[in-house]
Amino acid sequence: MKIGVINAGNIGSRLAKAWVLAGHEVMVSKDGERAKLQPLLAQLGDKALVGELEEAAQFSDVLLFSVYWLRFEQVIDRLGSLEGKIIIDTMNPLKVNEAFEHYHDLDFMQSSSTSEELQQRLPSAKVVKAFSTIPFHLLDKDVWQGSQMLPSVFFAGDDTEAKKVVAQLIQDAGFPSIDAGSLKKARLLESMGVLLHNIAEARNDSALNLAPTFVSPAN
Ligand SMILES: NC(=O)c1ccc[n+]([C@@H]2O[C@H](COP(=O)([O-])OP(=O)(O)OC[C@H]3O[C@@H](n4cnc5c(N)ncnc54)[C@H](OP(=O)(O)O)[C@@H]3O)[C@@H](O)[C@H]2O)c1
């Protein structure tokens, strides 16, 4: 399968590596400082292609849309309609205040989700929410080596065929997949992400220690 990665940051770089290993054709791209792709490209060698955001979008059957929420408008404006493509949305509605502190936009979350916004902007694409509830460190299968358990990756969307593809890609990345329902359920998945984040902060703990919260036996 041809997978475009927008963008290969914390989450995107880990999934790009896993999908290359699983035999997919992957094109990575970077929103922001492109030099930051170098460590990933050094690891992937000629196993992955690299391009601009537009090129990754054009190349793909499936597009990982993993951008900083505040950059959503700038990025989406560059991509065209993405007609018929499957779009995997990992985003959480993270904003920044005047003191440059990040916060989750709870007002926005009352009545929408990043996935629904994405679907509205790309009506002829098939948006599926996934990978949004797991801290990025844990999306590296190597972290789980020797463990009897793996974190489950929840996904939500309205297109049945697109969801089947995404469920397979979650498994190809090394994780069990759980269907959370329609795209509107992305609101709940985003709330779940905020809850986990808040628990980690309250415990002044590493997000890594939240791992046992959502785990399934490894096969
Ligand atoms: N990280 C997680 O554990 C996690 C978990 C669940 C969901 N998500 C969501 O998944 C999406 C991708 O997350 P990621 O961690 O993989 O992001 P990332 O790729 O590491 O960063 C995304 C983009 O936003 C820019 N950016 C990051 N922080 C910024 C800031 N404070 N001010 C301005 N620009 C900033 C980065 O630019 P530069 O690279 O040039 O700095 C990059 O272009 C986000 O919507 C995030 O909310 C993340």
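Just so it is clear, none of the values below were taken in a lab; they were calculated from the coordinates. None of these values were measured; they are calculated from a predicted model. Methodologically, a virtual Cβ is constructed for each residue, glycine included, from the backbone with ideal geometry; neighbour enumeration extends over all protein chains shown.
For a Förster distance of 41 Å, can you work out the FRET efficiency between the beta-carbons of Glu101 and Lys47, rounded to the nearest 0.05?
Values: r = 39 Å, r/R0 = 0.94.
The computed FRET efficiency comes out at 0.60.
Taking the number of Cβ atoms within 10 Å of each Cβ as an exposure proxy, the fewest-first ranking of Met27, Met109, Met149 is Met149, Met109, Met27.
How big is the charge dipole of the chain about its Cα centre, in debye rounded to the nearest 20, if each Lys and Arg gets +1 on its Cβ and each Asp and Glu gets -1 on its Cβ? List each step's numbers first, then the result.
Numbers: 21 positive and 28 negative charges, 89 e Å.
Computed about the Cα centre, the dipole is about 420 debye.
Proximity of backbone amide H atoms, modeled 1.01 Å from N, is registered between Val26 and Ile3, Leu49 at under 5 Å, excluding neighbours fewer than 5 places apart on the same chain.
If you count Lys pairs in the range 2-215 whose Cα atoms are under 16 Å apart, skipping same-chain pairs closer than 8 places in sequence, the total is 23. Which listed residue (Ala167, Leu118, Gln145) has the Cα farthest towards the positive end of the charge dipole for the chain, taking +1 on Lys and Arg C-beta and -1 on Asp and Glu C-beta about the Cα centre? Final value for the positive-end residue is Gln145. Scaled against 2.2 N^0.38 Å for its residue count N, the alpha carbon radius of gyration of the range 2-215 is 0.96.
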